[in-house]
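Encoded as structure tokens, the structure appears first; notes follow it.
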Amino acid sequence: MYTTLVRRFKASRKILIPLCGTALLISAVFALINIDLFDQQPIMKTPPANALYLDPTQPPEVRAGDLLSYMTLEEKIGQMILIEKNSIHNLAAISEYKMGGLLSGSGAKPEVNTAVGWKKMITLYQKEAEQTRLGIPLLYGSDAIHGHAHVPGATVFPHAIGLGATNDPELVKQVAEITASELVATGVNWNFAPNLDQPQDIRWGRVYEAFSDDPARVSVLGVAYLKGLQEGKTPVLATPKHFVGLGSMRWESSFNQNFKIDQGKVPIDQTLLRTHYVPPFKEAIDARALSIMVGLNAWGEKKMVLQKELLTGLLKEELGFKGFLVSDWYGVHEGRKNIFWATVSAVNAGMDMLMLPFDYKTFMWHMKVANRLGLVSDERINDAAGRILYAKFALGLFDEGTEEGEVGSVAHARVARETVAKSLVLLKDDNNVLPIDPTISRVLVAGSGADNVGRQMGAWSVEWQGIDGESPAKGVSILDGIKEVVSQSTLVEYEQAGSFASNERAPIGIAVVGEAPYAEGWGDNANPTLSEEDKLAIKNLQSHCDKVVVILVSGRPLILDDIDSYDALVAAWLPGSEGAGVADVLFGRVPFTGTLPLHWPATLSQLPISSDGITADGTPLLFQRDFGIVK
Ligand code: BGC
């Protein structure tokens, strides 16, 4: 009997001892957590009526430091929360969790998607934030990456690749200033732009979001855009993104099983990272960037949000970045399998505000536990919340603004039209077809992009993935622009497929061809080229016209196998709402001045192309960056 008992005990001790140990540890942890989290009321320091942070003459860092000194742990963690507005099912959650920021993920709009609808919705959120003890205003972010394009009626500018083609920092600054005005008019005080990525592979679905593959062009235009957002009459917070190395990823390196290259591994070494990809961020920091978005990518095996040497070491310590680091969509949870450790590691690496984007309850709980267990220090939380407050003060969120902004004005449309005209790049004009005489007798127009405002806007317009065809967004199609610019006696005929009934040849045909909208990894494309329908439309047009001009409406350079047959070729990128800007240049009202913001491959085997224009297979490019016929 005795021996059986001893044997049984010996056999089970391998299980019992670790079990008891774990139970003891868990009870100790919970005892510790319970004491502080549930039993102790936080000490609330009430700010006096003349508290320093209320004084607008004090510098933002002084005001932020002062406000921080009155805040409880929970209030500080609350500032670190950035939540998608669709996860707010009950307004009171904003004050209960003391949230620092909300966002409209692309396509997340108010029930009534108008400028007034946006303003009403965001005002409600801000009022709820005012209910909190300290009444700290919310940051409200949106991806107004080519104007406030989610709001029908807003001015939609060319996507960044088109701005890159203008290479005109003054104009780019003005574009950003107008975008800020349209955002402020709807209550949005934060734009997730400018994009400082540098694409090296046209198969990536985000090529058009970037200005260029040239660090110098990206730096100059990025700073111009940032200043336009932050320093105009209606300032909004700018967010240079995505830190760092984005655009250098290799095909089939994506960590996301749905994608091929987006969210892939950044393969470059420390030297290339510092010489090519860090400089635009350094320039942005020197131009007073108040926040930076960290990408969803990995460098080596480690996700960006975990790269302490880059986030804290390089950005904050070496480059003196005083603003806050915000993670990208779910970026923090993707760092590690366990979301508690993922959050702890990212915050300790230097992430300040977390685009969760839905799960604020778990985040608050995790951060409190982590703090109580000593896994995330008080200093780190103070630093994160202090940086967010610093940005809010620097932006003037605590002080009465006087300017209200304006959505979709005639003056804004005029600048957008000018921007479109300056973004056009003339790549070929062998037979001197351009500019076309506006008094010409007859013009035939064909192609998928001619009468399609949704296509010419591209994605991030009303919907995240954009709308192919009829869109609630306001805009002038390229076809209507042509009709507006030609003389009254000119006959403009349109047939998308280019199959015109009459056999009588026209002196000129304009084929507007290109891509349907796409965003992010959903636009990763193994073979970005023209569709069979568009190729046929060009051929049909050629059979009806003496000369044919091909206009590409696309978010990236396309592989073109029939270029020799085109009399002229123009890259129009994704021009946005003002299609008449294209006609202005085609018909000689404005000269062609745009230049290629990135290298244009002749074949797929040339990909990726280095920033210096070296192709993967060593063969010559179709067009080099900076090329563009000026006439
Ligand atoms: C994109 C960011 C964007 C964010 C918020 C993410 O999917 O990568 O560029 O700012 O969503 O909409």
Legend entry - Selection status of G245, within 15 Å of the ligand (Cβ to nearest atom) and closer than 28 Å to T312 by Cβ: yes
Legend entry - Selection from the range 460-500 of residues that are modelled with pLDDT under 95 and among the small types (G, A, S): G469, S471, A473
Inset, instruction - Go through the range 609-631 residue by residue and tally those that are open to solvent by less than 30 Å² (accessible area, probe 1.4 Å) and closer than 22 Å to R274 by Cα. - result: 4
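Results for (1) within 23 Å of the chain's Cα centre (by Cα); (2) aliphatic (A, V, I, L, M); (3) away from the ligand (no atom under 16 Å from the Cβ); (4) open to solvent by 10 Å² or more (accessible area, probe 1.4 Å), shown as yes or no for each residue.
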position	(1), (2), (3), (4)
A298	yes, yes, no, no
K303	yes, no, no, yes
G313	no, no, yes, yes
F321	yes, no, yes, no
W341	no, no, yes, yes
N348	no, no, yes, yes
L354	yes, yes, no, no
F358	yes, no, no, yes
G401	no, no, yes, yes
Inset, instruction - Among the residues of the range 84-98, write down those that are in contact with a Gly (Cβ under 9 Å, 6 or more places away or on another chain) and within 16 Å of the ligand (Cβ to nearest atom). - result: E84, K85, N86
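Here is a yes/no grid of residues against (1) part of a strand (DSSP E or B); (2) open to solvent by less than 50 Å² (accessible area, probe 1.4 Å); (3) in contact (Cβ under 8 Å) with a residue 24 or more places away in the chain; (4) of a type in the set (D, E, K, R):
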site: Q488; (1), (2), (3), (4): no, no, no, no
site: V512; (1), (2), (3), (4): yes, yes, yes, no
site: G521; (1), (2), (3), (4): no, yes, yes, no
site: L541; (1), (2), (3), (4): no, yes, yes, no
site: V548; (1), (2), (3), (4): yes, yes, yes, no
site: R556; (1), (2), (3), (4): no, yes, yes, yes
Inset, instruction - Run down D214, D201 and say which single residue is open to solvent by 10 Å² or more (accessible area, probe 1.4 Å), farther than 21 Å from L325 by Cβ and acidic (D, E). - result: D214
Inset, instruction - Being of a type in the set (A, V, I, L, M) and under 21 Å from S106 (Cβ atoms) is the filter here, so list the residues in the range 206-248 that pass it. - result: V207, A210, L226, L229, V236, L237, A238, L246
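Here is a yes/no grid of residues against (1) touching a residue at least 12 places away in the same chain (Cβ under 8 Å); (2) over 18 Å from the mean Cα position of the chain (by Cα); (3) surrounded by fewer than 24 Cβ atoms within 10 Å (Cβ to Cβ); (4) away from the ligand (no atom under 15 Å from the Cβ):
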{"site": "L124", "(1), (2), (3), (4)": "yes, yes, yes, yes"}
{"site": "S142", "(1), (2), (3), (4)": "yes, no, no, no"}
{"site": "A149", "(1), (2), (3), (4)": "yes, no, no, no"}
{"site": "A154", "(1), (2), (3), (4)": "yes, no, no, yes"}
{"site": "H159", "(1), (2), (3), (4)": "yes, no, no, no"}
{"site": "I178", "(1), (2), (3), (4)": "yes, no, no, yes"}
{"site": "G187", "(1), (2), (3), (4)": "yes, yes, yes, yes"}
Inset, instruction - Restrict the check to the range 426-446 and report whether at least one residue is under 26 Å from the mean Cα position of the chain (by Cα), more than 16 Å from the ligand (Cβ to nearest atom) and surrounded by 22 or more Cβ atoms within 10 Å (Cβ to Cβ). - result: no
Inset, instruction - For residues that are open to solvent by 10 Å² or more (accessible area, probe 1.4 Å) and not aliphatic (A, V, I, L, M), scanning just the range 127-140, find the one that is farthest from the ligand (Cβ to nearest atom). - result: R133
Legend entry - Filter result for G514 (touching a strand residue (DSSP E or B) at 6+ places or on another chain (Cβ under 8 Å) and under 19 Å from S423 (Cα atoms)): yes
Inset, instruction - Filter the range 286-306 for residues that are of a type in the set (V, I, T) and not in a strand (DSSP E or B) and give the result. - result: V305
Inset, instruction - Please tell me if A413 is more than 28 Å from K539 (Cβ to Cβ), touching a His at 6+ places or on another chain (Cβ under 9 Å) and either of a type outside the set (F, W, Y) or crowded, with 23+ Cβ neighbours inside 10 Å (or both). - result: no
Inset, instruction - Scan the range 467-486 and give yes if some residue there is polar (S, T, N, Q), in a loop (DSSP other than H, G, I, E, B) and more than 21 Å from H148 (Cβ to Cβ), otherwise no. - result: no
Legend entry - Check on I15, at pLDDT below 55 and open to solvent by 100 Å² or more (accessible area, probe 1.4 Å): yes
Legend entry - Residue, most open to solvent (accessible area, probe 1.4 Å), within the range 229-271, restricted to residues that are assigned to a loop (DSSP other than H, G, I, E, B) and either in contact with a Cys (Cβ under 8 Å, 6 or more places away or on another chain) or more than 27 Å from D524 (Cβ to Cβ) (or both): K233
Inset, instruction - Could you please let me know if Q456 is closer than 30 Å to A154 by Cβ and not acidic (D, E)? - result: yes
Inset, instruction - Mind counting the residues in the range 360-369 that are without any contact (Cβ under 8 Å) to a residue 60 or more places away in the chain and either open to solvent by 60 Å² or more (accessible area, probe 1.4 Å) or among the polar types (S, T, N, Q) (or both)? - result: 2
Inset, instruction - List every residue pair whose Cβ atoms sit under 7 Å apart, with the two residues 6 or more apart in sequence or on different chains, where the first one lies in the range 333-352 and is within 13 Å of S377 (Cα to Cα) and of a type in the set (A, V, I, L, M) and the second, anywhere, is in a loop (DSSP other than H, G, I, E, B) and open to solvent by 30 Å² or more (accessible area, probe 1.4 Å). - result: V344/L375
Inset, instruction - State whether one or more residues within the range 370-378 are open to solvent by less than 40 Å² (accessible area, probe 1.4 Å), at negative phi, touching a strand residue (DSSP E or B) at 6+ places or on another chain (Cβ under 6 Å) and not hydroxyl-bearing (S, T, Y). - result: no
Inset, instruction - Filter the range 88-133 for residues that are among the polar types (S, T, N, Q), at pLDDT 95 or above and farther than 20 Å from M44 by Cβ and give the result. - result: N90, S104, N113, T114, T123, Q126
Legend entry - Residue count, the range 193-228 (criterion: within 14 Å of the ligand (Cβ to nearest atom), in a helix (DSSP H, G or I) and of a type outside the set (S, T, Y)): 2
Legend entry - Residue within the range 323-331 that is over 23 Å from the mean Cα position of the chain (by Cα) and over 26 Å from A224 (Cα atoms) present: no
Inset, instruction - Go over the candidates L67, L82 one by one and state the one that is hydrophobic (A, V, I, L, M, F, W, C), closer than 30 Å to A210 by Cβ and crowded, with 24+ Cβ neighbours inside 10 Å. - result: L82
Inset, instruction - Return a yes/no flag: does the range 524-536 have any residue that is part of a loop (DSSP other than H, G, I, E, B), among the acidic types (D, E), within 39 Å of the chain's Cα centre (by Cα) and surrounded by fewer than 20 Cβ atoms within 10 Å (Cβ to Cβ). - result: no
Inset, instruction - Could you identify the single residue in E309, E283, E317 that is touching a residue at least 12 places away in the same chain (Cβ under 8 Å), surrounded by fewer than 22 Cβ atoms within 10 Å (Cβ to Cβ) and assigned to a helix (DSSP H, G or I)? - result: E283
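The values are calculated or read from the model by the stated rules, or taken from the named source; none is laboratory data. Model, not experiment: these values are computed from the prediction. Every residue, glycine among them, receives a Cβ derived from its backbone with ideal geometry; neighbour counts consider all protein chains shown. Quick note on the areas: whole protein, heavy atoms, side chains included, nothing else; ligands and nucleic acids left out. Shrake-Rupley method; radii C 1.70, N 1.55, O 1.52, S 1.80 Å.
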